[in-house]
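Data block below; observations after.
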Amino acid sequence: MSSNASALSRRELMLGTAGAAAAGIIVGTQTASAKAPMAGASMTAFRRVKLGKFEVTTVFDGFANVPKVFPIFGQNKSAEEVATHMQGNYLPGDKMQIGFTPVVVNTGNKLVLFDTGNGDGRGPTRGHLAKSLQAAGFSPDMIDVVVITHYHPDHIGGLIANGKATFPNARYVTGEAENNFWTSKRVTGSTDKRMMGRSKLVQSKVVPLAEKTTFLKGAKDVVTGITALETFGHTPGHMAYNIESEGKRLLLWADACNHYVASLQKPEWHVIFDMDKDAAIASRKKLLDMAAADKIPATGYHMPFPAIGFVEQVGDAHRWVPMSYQLNI
């Protein structure tokens with residue numbers, strides 16, 4: 001190597017080292033000066049897409065970290081089979097994270113909210129619907145219609161806060177069969193601890209709003225373009241909804257299918273929260289087959305946020321395909 005080349009290399013090295021030091025990068029034993037604190041994982045508050053003349057906004061209420069998968073999913077299978085299936089989909093076999101995603105549909109005439117999240121008192125990582133609605137540009141008094149797909153705590157928890165209706169100008173819609181079950185003597189007089197707790201929540205969150213509530217039976221419209229589908233099983237009166245504008249459709253299935261791997265890929269697996277296992281399986285398969293055959297987007301309350309995607313038929317099974325930009329162009 002010539003002396004000029006050697007000098008150039010030394011100069012480049014010295015300049016590079018000096019530049020790195022100035023930028024706060026560790027050089028030799030020097031400590032970086034640009035150290036930043038860990039910020040933790042982040043979650044997006046909302047996602048808005050187009051559906052014909054409608055706008056659909058999924059709104060994040062939060063999440064729950066669950067220290068097991070079996071027997072919540074795959075009650076009729078073995079723990080080993082469930083763990084193997086989850087791991088085969090790049091997920092832990094012994095723990096999971098479940099999200100909660102209400103949906104707002106703006107028809108141009110009405111602002112319709114599907115489900116109200118967990119509300120207060122169910123842990124620090126959930127109950128964030130109010131903040132997420134605000135981030136999305138909505139205030140509680142703007143909501144015209146609140147649709148409750150079923151009466152589980154994570155769907156009715158945000159209806160009332162501090163004794164007052166959270167959505168003061170709204171009317172309410174829910175399934176007749178769902179309401180009849182949860183307000184029946186069978187439930188209100190139950191001695192089962194879980195049923196007693198849920199009955200108490202229904203009495204405090206849902207019953208006070210009864211005079212402003214419409215109870216649907218069959219394929220009735222909430223508003224023009226939003227039609228109920230009876231999908232019983234998860235609860236006795238669980239409802240899904242078909243949302244349609246200008247020939248564009250979206251299937252809102254709430255909790256009929258409540259995990260994108262353990263439930264969607266294995267619809268025949270028993271789920272601990274499904275009150276009628278056989279009916280839930282039948283409803284789940286019906287909805288998944290519909291979404292796959294019609295190639296329409298779907299949104300599920302517990303799908304990974306932003307909770308909108310497609311159902312792909314893979315042989316005799318299904319696969320969740322998250323939305324990218326399909327509903328934005």
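The values are calculated or read from the model by the stated rules, or taken from the named source; none is laboratory data. Keep in mind that what you see is a predicted model, and the values were worked out from it rather than measured. Neighbour counts are summed over all protein chains in view; Cβ atoms, including those assigned to glycine, are modelled from backbone coordinates with ideal geometry.
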Picked from the range 92-139 (must be aliphatic (A, V, I, L, M) and over 19 Å from ASN169 (Cα atoms)), the residue surrounded by the most Cβ atoms within 10 Å (Cβ to Cβ) is MET96
If you take just the strands (runs of 3 or more DSSP E) that sit entirely in the range 244-329, which of them hold at least 2 residues that are crowded, with 23+ Cβ neighbours inside 10 Å? 248-254, 298-300, 308-314
Just checking, does the range 191-204 include any residue being surrounded by 13 or more Cβ atoms within 10 Å (Cβ to Cβ), touching a residue at least 24 places away in the same chain (Cβ under 8 Å) and over 24 Å from ALA279 (Cα atoms)? yes
Taking GLU55 as the residue in question, decide whether it is out of contact with any strand residue (DSSP E or B) (no Cβ under 8 Å at 6 or more places or on another chain), at pLDDT 95 or above and in the same structural domain as CYS257 (by TED's automatic domain parsing). no
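To keep it simple, each residue is scored yes or no on (1) of a type outside the set (Ser, Thr, Tyr); (2) more than 25 Å from HIS270 (Cβ to Cβ); (3) in contact with a Ser or Thr (Cβ under 8 Å, 6 or more places away or on another chain).
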site	(1), (2), (3)
ILE160	yes, yes, yes
GLU176	yes, yes, no
LYS185	yes, yes, no
THR188	no, yes, yes
VAL207	yes, yes, yes
GLU211	yes, yes, no
VAL223	yes, yes, yes
THR235	no, no, no
Can you find a residue that is at pLDDT 90 or above, among the charged types (D, E, K, R), under 30 Å from LEU327 (Cβ atoms) and surrounded by 10 or more Cβ atoms within 10 Å (Cβ to Cβ) anywhere in the range 63-84? no
Taking LEU201, is it closer than 17 Å to ILE143 by Cβ and of a type outside the set (D, E, K, R)? no
Residue under evaluation MET43, criteria (1) within 16 Å of the chain's Cα centre (by Cα); (2) crowded, with 22+ Cβ neighbours inside 10 Å, criterion not met: (2)
